[in-house]
Amino acid sequence: SDISSGINAEYGGASEGEGLGNAFLSHISGCDAIFSMMRVFEDPDVTHIDGDVDPIRDTETIFHELRLKDIEYLKNNIEKLGKVVARMGDKDKAAKNEFETMQKAKQLLEEGKEVRKCTWSNKEIEALNKHLLLTSKPVIYLINMSEKDYVKKKNKWLLRIKQYIDENDPGATMIPFSGALETALLDDPDNAKSYLEERKTTSALSKIIVTGFKALGLQYFFTVGEDEVRAWTIQRHTKAPQAAGKIHSDMERGFIKAEVYKYDDIVEHKSEAAVKAAGRYRMEGKNYEVLDGDIIQIKFNVTDTKKK
């Protein structure tokens, strides 16, 4: 899974090959979610292609470009699939469903709607998942403020952007941050803590990373040894044997059970023995869905079945 970051209005005309053009849009097509950067700071040294700062206009420019590219993609595929449907008729129900779903998506895009904001049946979603449309991807809105505004938590655009997102992308996440502040922290990590304390503020970077991680449908589980703790990345709803397979294929193949407790349990009780005494240590089988923050010990047995 991947996430595209920092797209902005300077990519106006990309669908027609202007700016970074098709290379830029194809990069987004390979991602599973999008960070849409909305600039709200004024700075004469950082010029804007349109001459002034207007984050709502910029965002509309971005999604207009993504819609145009999706329409172009669908036109080509509808034409190809239409020939298959004309030849096969009702004999190929999957092709017919895909064809009708793409026609519906194209019509909605031409009406100015994004695919992710529309209502789809399970069959339609199955058909859409084959095509990775740009406007089907979840979007996280990053509001890039000046350091001064971020520290004060004030900017004339914040309320307007919140209203815009609530009206146009209900449920989407909006994260104010300061690129200038984050850069200063990265440039001098030894003094980052005092830098934040002096300004009585916090970095937004962790929140951005965690939110992006969740948008991709990812989570962590942990394994704990005597000399190391390791975090393993899996998709949400992964079953215990498949999670074990992330560590080693033999663990998935010979999976017996998982001994599980939560990260919060070890923080509260301080030791594995205390977690067990508190009744928080449990055994789970093959159908267990691993949860974010699980600490797991895999029990497995692999028998060599090769013929001698």
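The values are calculated or read from the model by the stated rules, or taken from the named source; none is laboratory data. Predicted, not measured: the structure shown is a model, and the values here were computed from it. A quick note on method: Cβ atoms are made from the backbone with ideal geometry, for glycine too, and the neighbour counts reach across all protein chains shown. SASA here: full protein model, heavy atoms, side chains in, ligands and nucleic acids out. Shrake-Rupley method; radii C 1.70, N 1.55, O 1.52, S 1.80 Å.
By accessible area, using a 1.4 Å probe on protein heavy atoms only, the chain has 50% of its surface on carbon and sulfur. Here the stretch 26-49 and the stretch 59-131 have alpha carbon centers that stand 27 Å from each other. Mind listing P(r) for the stretch 156-308? All alpha-carbon pairs, 5 Å bins, whole percents. Result, from short to long distances: 2, 7, 12, 13, 12, 13, 12, 10, 9, 6, 2, 1, 1, 0, 0, 0 percent. Looking at the chain, the DSSP beta bridges with both ends there are about 55 percent antiparallel. Subtracting the Cα-Cα distance of K154 and K286 from their residue separation scaled by 0.36 nm leaves 42.5 nm. Amide H to amide H, with H built 1.01 Å from N, I295 comes under 5 Å of F222, Y261, K262, Y263, counting only residues 5 or more places away or on other chains.
Remark on the chain: Rg and Dmax equal 24.4, 77 Å (Cα only). Relative contact order for the stretch 17-117: 23 percent, from Cα pairs under 8 Å spaced at least 6 residues apart, divided by residue count.
If R0 is taken as 30 Å, the Cβ-Cβ distance between Y195 and H64 corresponds to a FRET efficiency of 0.15. Annotation: per residue accessible area for the stretch 162-231 equals 64 Å², rounded to a whole number [probe 1.4 Å, protein chains only]. Suppose a student asked you for the relative contact order of the chain, using Cα pairs under 8 Å spaced at least 6 residues apart; what percent would you report? Worked out over the chain, it gives 14 percent.
Give, in nm to one decimal, the length gained when the segment between E259 and V46 is fully stretched (0.36 nm per residue of separation minus the Cα-Cα distance).
That works out to 71.3 nm of additional length.
Computed extension length for D250-E110: 45.4 nm, one decimal, from 0.36 nm per residue of separation with the Cα-Cα distance subtracted.
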